[in-house]
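One structure below.
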């Protein structure tokens, strides 16, 4: 499924656009992010318009997309920029207006800390009019993806909300509280579907399947 994105200027590493190592590691081409292709069971792919050659390239890896022309002299992989593969073929994208300008902090699966400004959020859905037997409606597998460009490297990052800290300069205190009481999910009528943090599983520090440990 293709989901259109807001107009987002970017740079794509040329090494991801050719089957031969013809380009230096940091050489990029200017593009405009146009859409995200969600395919169940694998990482999303990205459709980018490349104005200088008039091409609409529809299978760009996320780790090849930056908001800076000069990319860092370090290897960045898909494990660095995203957490989970798609759990549904059907998604919706929204820009949460009030989050515009908010700072996002996310720790990757490789234990790298990324920070940037909120861009937009994608949410998995069931197929309209039919029962979805996949994972997009299962509470502990429902992984919303929130996107931002990392301030330091410029790479496009996506992370589920329970692996992120979102701060606003006018609303958040300088030192954040550690919310030992915070529930990842709460169902008043089905208590067995409630997951409770223990104070150690914030910002990607948990190995538990349901984030209860």
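Values in this text are rule-based calculations from the coordinates and carry no lab data. Bear in mind the structure is a predicted one, so any value in this text is a computation, not a measurement. In this analysis, Cβ positions are derived from the backbone assuming ideal geometry, glycine residues included, and neighbour counts consider all displayed protein chains.
Data table
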| read-out | value |
| --- | --- |
| Ranked by how many other beta carbons lie within 10 Å on average, peptides 6-19, 113-126 from highest | 113-126, 6-19 |
| Chain lengthening between residue 26 and residue 9 when straightened (0.36 nm per residue, less Cα-Cα) | 4.4 nm |
| Space enclosed by the convex hull of the alpha-carbon atoms of region 67-109, per residue, Å³ | 145 Å³ |
| Segment residue 56-residue 113, length gained on full extension (0.36 nm per residue, minus Cα span) | 17.4 nm |
| Computed E for residue 125/residue 178 - FRET, C-beta separation, R0 30 angstrom, nearest 0.05 | 0.35 |
| Calculated log₁₀ intensity ratio I(q)/I(0) where the Debye formula runs over C-alpha points of region 1-111, q = 0.14, 0.17, 0.19 Å⁻¹ | -0.64, -0.95, -1.18 |
